[in-house]
1. Based solely on its DSSP helices, what 222 nm [θ] is calculated for the chain when runs of n ≥ 4 H residues each add -39,500 (n - 2.57) and the sum is averaged over all residues, nearest 500 deg cm²/dmol?
2. Evaluate the relative contact order of the range 8-142 (contact order divided by residue number), counting alpha-carbon pairs under 8 angstrom at least 6 apart; express in whole percent.
3. Which FRET efficiency value, to the nearest 0.05, do you get for Lys202 and Gln517 by plugging their Cβ-Cβ distance into 1/(1 + (r/R0)^6) with R0 = 60 Å?
4. What full-extension length gain, to one decimal in nm, is calculated for Lys560 and Asp355 as 0.36 nm per residue of separation minus the Cα-Cα distance?
5. How big is the gap, in Å, between the Cα center of the range 329-377 and the Cα center of the range 409-458?
6. What is the calculated FRET efficiency for Arg19 to Lys390, with r their C-beta to C-beta distance and R₀ = 51 Å, to the nearest 0.05?
7. Quick one: pull the percent of accessible area on the range 488-616 belonging to carbon and sulfur, 1.4 Å probe, ligands and nucleic acids left out.
8. Give the carbon-plus-sulfur fraction of the accessible surface of the range 1-125 in %, rounded to a whole number; probe 1.4 Å, heavy atoms of protein chains only.
Amino acid sequence: MAGELRFIDPAFCCEVILRGDLKCLYDKCSIEFKRLKDIRNLGLIGYFNETGFHTKHHHLIGLHRCFQKCLKHEEKGIGLPSSYIWSFWPRICFAQAAHATLTYNTERSILLAAKIKPEFRDDLKKYFSPVFKYINDKFSKKEIKEDSGNIIVSNEIDQWFNNLIEKFQWRQLYLWNAALMLINHKKILETLDDKRNIHNEKAFDELRCFNILLNPIHQNNLECKRINSLDYVIRDLCFIGRAGINLDVDRLLEKVNDPNDQDWTLVEEIEKYLTRNVYTHPKHQLESKLFQRALAYNLISNKFSIENVFGLDSMTDDKLISELKKVKKAKTLFDKRKYWQSWVLRTSTHIEEKDIIDTEYLLAGRWQGLEILNDHYKKNFIAFPDINGKNIIISMFYEDPKGAPDPASFILFCQKILSNFGVHFDDYAAVISEGILGKKVECNMDEIIEHLVGCIPDDTSNFFKASKYICRHNRKGKDKNEPNIVIDSISMPISNYVQMLPLKIMQNIFMDPDNTQKNLGMDIKFALRTFWNQVICSHKYKSIENFIPVFEEVKKILVKRIISNNDTSAKDAEILAFLESLVGPAGKFKFHLTLPNLKVMKPEVDEPQNEHDVVSFFIDDKNNLIIWAWECTVNNGKSAKKRKDDWHKIVECIRKKMSKRWGPGIKVVANSIFLANGEVCTDKDSSQAWQA
């Protein structure tokens with residue numbers, strides 16, 4: 001019919017019909033909206049992965065369907081506020097036309113370029129200058145009540161723009177472009193200005209409209225975000241091949257401004273699922289990060305302009321990707337994406353969104369300049385904060401030995417991340433071992449620690465001395481006026497309380513086990529578990545010298561057990577090899593990681609291909625990578641020839657893998673623990689020692 005527009009919505013399996021005011025607005029914006037048919041709703045994810053093809057135009061129609069329902073709810077006096085309901089249309093519907101090519105991926109690139117280069121930041125501000133001028137001219141002298149949610153003054157809009165860049169508010173950038181497009185399209189504002197609500201009162205407030213668009217903490221942000229997510233969450237879920245979900249959209253829109261509504265909690269949980277498994281999956285974050293750096297470099301170099309990616313004359317998704325493919329630095333993303341491998345490192349540090357770029361500089365070891373945009377291209381590895389702020393993602397590019405990163409540089413890069421961010425040990429160990437060996441690995445450090453906890457010494461004096469060193473190493477300076485907290489005579493600054501309390505209890509137990517258990521209910525096993533976790537898993541202690549007397553004492557316990565040939569002898573031998581490896585070879589080393597019971601897994605199969613009792617990675621002062629592999633046997637009858645043959649197999653197995661992956665030059669050493677004539681022998685770094 002001439003008086004309506006009809007669209008089929010494949011995600012919601014319905015027909016969307018626009019009539020009256022909404023049809024009129026759609027017709028006036030038809031040029032802007034037509035552009036959205038060439039922009040993927042999922043951006044790069046939609047380009048690289050086999051999802052159902054859906055565009056920003058599909059999302060736009062879905063949002064018009066939601067807004068249409070909001071207008072109907074106005075008659076009941078529920079949902080969006082009736083007095084300025086049409087002020088929401090630019091934010092909810094029209095703003096979709098303001099997205100850049102490839103949406104948020106490109107918008108993050110623009111802010112990255114603005115953050116790195118002040119001149120590009122000035123260009124971006126100049127691009128948005130009509131927004132500053134229009135708002136300052138029209139609203140800055142207007143009287144505004146503070147409780148109206150309409151506060152716009154000249155210095156405030158400047159602050160919003162500064163925050164946009166400084167706090168890396170990439171979700172807000174397209175809204176600035178929407179404001180610019182709205183100002184340049186006067187007929188839309190004129191049409192909206194005529195809108196009336198059911199009481200025949202004016203239902204559009206231009207000041208509110210721009211505040212809803214630009215103010216990141218506007219009082220109606222919740223409603224805008226919810227309506228947007230109500231469409232894209234279900235749409236994306238449908239097109240990535242997950243089961244469709246039927247929601248009562250009408251009821252949800254009735255309760256759109258109720259922060260405690262349970263049905264909206266379900267929508268939020270679906271969004272979290274998509275965020276975790278799709279939007280912020282490590283693979284997709286890497287793709288986006290490589291894209292951002294390539295595009296930001298080209299924006300700063302003036303190979304692309306802001307107008308190339310924003311506005312009516314901007315490129316389509318496919319055209320932008322086609323142009324970027326011509327850039328040599330983008331080839332590892334578009335042509336060789338399969339050669340990137342990523343790991344997620346859980347950290348003890350939460351990284352705020354505003355600190356993402358600064359953190360990337362810290363991770364790259366660079367503090368300023370354009371070099372960060374090419375850093376991964378030169379090194380063939382990259383690290384960046386997870387967009388959720390909880391983790392660090394590290395990725396390595398490996399195609400063949402000739403183009404591989406330097407293994408020592410990669411390991412030392414990972415070590416720096418550990419020292420700066422307190423990475424979870426299991427994740428750290430996986431990155432190093434899998435990065436070097438090129439296959440998924442498994443090791444059980446918890447089992448080793450529990451076995452060591454069972455090695456209870458008769459005399460704890462060496463443990464006490466070592467625990468004093470641990471406490472000194474972890475103690476932080478306190479403010480002169482900072483109070484101390486005292487628990488059972490254990491005194492520590494209140495700011496260091498959480499970290500130091502278990503360490504102080506450990507020290508007290510080693511000093512006076514009976515009294516500490518009586519007062520605090522914690523025994524020697526708590527102290528040993530805390531001690532071994534610190535020594536093995538924290539990687540805080542560059543010098544192992546302070547722990548060697550403890551190692552020697554525990555080794556004596558293990559040797560007695562091995563000789564007695566009890567049920568734990570095999571595991572005792574592994575622990576003995578583990579402690580020997582912790583001490584390492586003679587000489588100075590920049591890096592040292594020892595992993596027990598290392599299983600190298602078969603590709604795509606959850607079973608081990610090779611198992612090694614203990615494997616250690618060292619980097620010497622000349623940046624050479626050395627690998628120790630241990631074989632432990634408590635079989636008294638094993639001949640010297642058989643042991644030699646086994647050593648040879650271990651060395652050749654690892655050496656072949658390393659030569660194939662990295663080329664020649666990595667030293668592989670086979671070590672062993674074995675029984676001979678009723679005594680325990682250690683063959684370590686080609687030097688035998690008897691442990692009897």
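The values are calculated or read from the model by the stated rules, or taken from the named source; none is laboratory data. Note that the structure is predicted; figures quoted are calculated from it, not measured. In this analysis, Cβ positions are derived from the backbone assuming ideal geometry, glycine residues included, and neighbour counts consider all displayed protein chains. For the accessible areas, the whole protein counts, side chains as well, though only heavy atoms, and no ligand, DNA or RNA atoms are used. Shrake-Rupley method; radii C 1.70, N 1.55, O 1.52, S 1.80 Å.
1. The helix contribution divided over the chain gives -15500 deg cm²/dmol.
2. On the way: 84 pairs, mean separation 28.4, N = 135.
Taking the mean separation of contacting Cα pairs over the length of the range 8-142, I get 21 percent.
3. Values: r = 76 Å, r/R0 = 1.26.
It comes out at approximately 0.20.
4. Values: separation 205, 0.36 × 205 = 73.80 nm, distance 5.38 nm.
Gain on extension, Lys560 to Asp355, equals 68.4 nm.
5. The two parts, judged by their Cα centres, are 22 Å apart.
6. Calculated value: 0.65.
7. Details: 2920 of 6040 Å².
Answer for the range 488-616 is 48 percent, counting heavy atoms of protein chains only.
8. Working: 2320 of 4540 Å².
The nonpolar share, carbon plus sulfur, comes to 51 percent.
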